[in-house]
Amino acid sequence: MNRRQTIPKELRYTIENFHSRFPNDDACLEQIKEQRFPGGVAVCRKCEKPRKHYRVKGRTAYACETCGNHIFPLAGTIFEKTSTSLRLWFYAMYLMGSTRCGISAKQIQRETGVTYKCAWRMFHQIRKLMSEEELRLGGSGTPGVEVDEMYHGGRRKNEAGRMLAGNKGHLTTVMGVVERKGRIVARVQPVSIAATSALVKEYVMPETMIFTDEAAAYTALPQLEGMGYQHQRINHSQKVYVMGEVHTNTIEGFWSLVKRGIGGVYHSVSAKYLQSYLNEYSFRYNRRDSGNLIFAAMLERASETGFRKPSSQA
């Protein structure tokens, strides 16, 4: 048995570390404040100058040292106006960042004592932090990207292999683009030549080698104007899965992780919320080499999404 810790020391963030750093709500509020207003210095809307701000006792506010005008570190974030303990929010984020296959709202309900409705809402708010829209994958000189589709929501009876055109009405289609040894983008969208070409053009850099299966939706990729893509296919319908460097095993591995995670943890996900779950799995996958520091990345995003609350609302 391998008894060694497999996560490097610099990438570890254990539950003891969490409890030590965030023992109460005040510590959590201070963390958000420091991320948004380092040292408590912010431009006072009344003084119109950078001023030091100090905590207002009993409130989630900080007051200007000169005029007393308030700033609200939680304003504009997922924590704004919440009646739930900030520490429980942080704990839920820690668990979502530390797991590989996901954790259910029901489990958070059992561990924290909040209602299921509260736990469910917290998870969906946290997933908003895990959306990534500005990724650019591949490029000249890289190992290439793989493009593939996944079908979610149902199973065909007494049939195997590729989905038939007349048998997809009850399924949700998902397209994915992944760098080999890199990041992934997964989007709920139709599988068509136009939609696939638009997705690849948006997220894949020019001069990239693209690997796909033989599906018709990928036929136009080499002809996309100005992109210079190279395209190689693997013929899954003929039971061929690897030919040298030509395969889609990387993205198939991600689909396997998503399907087993959803089936084992969440059991069922509707088409309405599927994209948010894909964002969660993609976010963790793109930081799989970060050990237990994914929580820190989520916490940083929670502060970046905020905006200052007008002083008139103090």
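Here are the numbers:
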item: Per-pair calculated FRET efficiency, R0 = 22 Å: A271 and A194 via Cβ, rounded to 0.05; result: 0.60
item: The stretch 1-58: C-alpha pair distances exceeding 20 Å, %; result: 50 percent
item: Between 0 and 90°, nearest 10: helix 116-128 axis offset from the chain longest Cα axis; result: 70 degrees
item: Extension gain, K49 back to E34 (0.36 nm per residue minus Cα-Cα distance, nm); result: 3.6 nm
item: Förster radius 22 Å - calculated FRET efficiency between K81 and T14 (Cβ-Cβ, nearest 0.05); result: 0.10
item: Computed lengthening from K201 to R288, 0.36 nm per intervening residue step minus Cα-Cα distance; result: 28.8 nm
item: Farthest toward positive dipole pole in the chain [+1 Lys/Arg, -1 Asp/Glu at C-beta], among L278, F123, V56; result: V56
item: Principal-axis tilt of helix 294-304 within the chain, Cα atoms, nearest 10 degrees; result: 60 degrees
item: Carbon and sulfur %, accessible surface of the chain computed with the full protein complex present, 1.4 Å; result: 50 percent
item: Largest-first ordering by accessible area, 1.4 Å probe, given options T60, T250; result: T60, T250
item: Sequence-distant lysines (8 or more away, or on other chains) whose Cα lies within less than 23 Å of K239; result: K157, K168, K259
item: Fraction of the pair-distance distribution of the stretch 189-285 above 20 Å, Cα-Cα pairs, percent; result: 50 percent
item: Cα-based helix-to-principal-axis angle, 274-286 vs the chain, degrees rounded to 10; result: 90 degrees
item: Solvent accessible area, Å² - R87, 1.4 Å probe, full protein context; result: 60 Å²
item: Which label in [x] 86, 27, 19; [y] 32, 22, 20; [z] 42, 23, 19 gives the computed semi-axes √(5λ) of the Cα gyration tensor in Å; result: [z]
item: Scattering curve values for the stretch 214-265, log₁₀ I(q)/I(0), Debye with Cα scatterers, q = 0.30, 0.31 Å⁻¹; result: -1.11, -1.13
item: Enclosed volume per residue, in Å³, of the convex hull spanned by Cα atoms of the stretch 83-143; result: 107 Å³
item: T6-A216 pseudo-label distance in nm [points 7 Å out on the Cα-to-Cβ vector]; result: 4.3 nm
item: Cα→Cβ-extended label distance, 7 Å offset, between Q232 and W120, nm; result: 4.7 nm
item: Relative contact order of the chain, defined on C-alpha pairs under 8 angstrom at six or more residues apart (%); result: 23 percent
item: Residue-averaged [θ]222 nm for the chain, counting only DSSP H segments that reach four residues, each worth -39500 (n - 2.57); result: -10000 deg cm²/dmol
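The values are calculated or read from the model by the stated rules, or taken from the named source; none is laboratory data. The structure presented is a predicted model; accordingly, all values stated were derived computationally and were not measured. Quick reminder, even Gly has a Cβ in these numbers, built from the backbone with ideal geometry, and neighbours come from all protein chains shown. Heads up: the accessible areas ignore ligands, DNA and RNA and are worked out on the full protein's heavy atoms, side chains in. Shrake-Rupley method; radii C 1.70, N 1.55, O 1.52, S 1.80 Å.
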